[in-house]
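The values are calculated or read from the model by the stated rules, or taken from the named source; none is laboratory data. Given the structure is predicted, the values throughout are model-derived calculations rather than measurements. Every residue, glycine among them, receives a Cβ derived from its backbone with ideal geometry; neighbour counts consider all protein chains shown.
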């Protein structure tokens, strides 16, 4: 019988793995006995970190790089059990009427198209196995919206729709597709936000604090494990009580 969060011996790709939420997920997975292939724009930060059994420099907005990245991770570590599509950007925090098309497209290319390309790169592999875990990091902004980050929320809503549709396309199989929707987390993305913006988002969280990357990682480990065997196409909230649906 499998114990909760039993992922020992399994292999996962984690995107945006060099820091923040991606690093927290990679660290927990490795501590639970999994092997992690970390993807980031610069793999240098991961090469000397024992958390990673493999590291790849991958721009998730580039289809050639995501396909090559999956092939390289597979060649390095063998069978891939799951993908955590975490890489993302916040984009400028300002009203939508001040957004340029280039700024909008930048957010969409990473936060929505990047997830599509990352996940698609592994689908032939998972479909051949008829099992696997696809975990997408969305956001409460994708469910409730965040003033000052409309493109980000639109992209994060988009990946929820992607997960729900893909989960059903893959049935019946043991390939699950689920999202995690955190509230604002304590990562270096905060560095690009004003104190007023952060305070506003914190005020919306009933528990009165931001979530930690480790709290998100704990949920990811559960979804990745055999304990989460009968849930697909769903959204797991890590919001300190903010989520209402």
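Among the residues of region 171-186, which ones are surrounded by 20 or more Cβ atoms within 10 Å (Cβ to Cβ) and either at pLDDT 95 or above or out of contact with any strand residue (DSSP E or B) (no Cβ under 6 Å at 6 or more places or on another chain) (or both)?
175, 176, 177, 178, 179, 180, 181, 182, 184, listed by residue number.
Looking at (1) buried (at least 16 other Cβ atoms within 10 Å of the Cβ); (2) at pLDDT below 95; (3) in a helix (DSSP H, G or I), which one does residue 191 not meet, given that it meets all the others?
(1)
Within region 28-143, considering only helices (runs of 4 or more DSSP H) that don't extend past its boundaries, which have at least 2 residues that are buried (at least 24 other Cβ atoms within 10 Å of the Cβ)?
Answer list for region 28-143: 63-77, 114-129.
Hey, residue 222 hits all of (1) in a helix (DSSP H, G or I); (2) at pLDDT below 95; (3) surrounded by fewer than 20 Cβ atoms within 10 Å (Cβ to Cβ) but one; which does it fall short on?
With (1) in a helix (DSSP H, G or I); (2) at pLDDT below 95; (3) surrounded by fewer than 20 Cβ atoms within 10 Å (Cβ to Cβ) applied to residue 222, the lone miss is (2).
Residue by residue through region 202-219, note down the ones that are at negative phi and either over 20 Å from the mean Cα position of the chain (by Cα) or in a loop (DSSP other than H, G, I, E, B) (or both).
Residues satisfying the conditions are 202, 203, 204, 205, 206, 207, 209, 210, 212.
Being under 16 Å from the mean Cα position of the chain (by Cα) and in a loop (DSSP other than H, G, I, E, B) is the requirement here; does residue 8 meet it?
no
Please count how many residues of region 154-200 are without any contact (Cβ under 8 Å) to a residue 24 or more places away in the chain and more than 30 Å from residue 129 (Cα to Cα).
6
Contact list please: Cβ distance under 8 Å, first residue in region 4-33 and farther than 16 Å from residue 54 by Cα, second residue at pLDDT below 95 and part of a loop (DSSP other than H, G, I, E, B), pairs at least six apart or on different chains.
Close Cβ pairs (under 8 Å, with a partner that is at pLDDT below 95 and part of a loop (DSSP other than H, G, I, E, B)) amount to 20/187; 21/187; 32/5; 32/6.
Tally time: how many residues in region 163-184 are part of a helix (DSSP H, G or I) and farther than 19 Å from residue 22 by Cβ?
Total satisfying the criteria: 6.
Just give me the residues in region 229-244 being touching a strand residue (DSSP E or B) at 6+ places or on another chain (Cβ under 9 Å), part of a loop (DSSP other than H, G, I, E, B) and within 12 Å of residue 143 (Cα to Cα), in sequence order.
Result: 239, 243.
Taking the stated definitions as given, is residue 152 modelled with pLDDT under 95, within 23 Å of residue 109 (Cβ to Cβ) and in a helix (DSSP H, G or I)?
In short, no.
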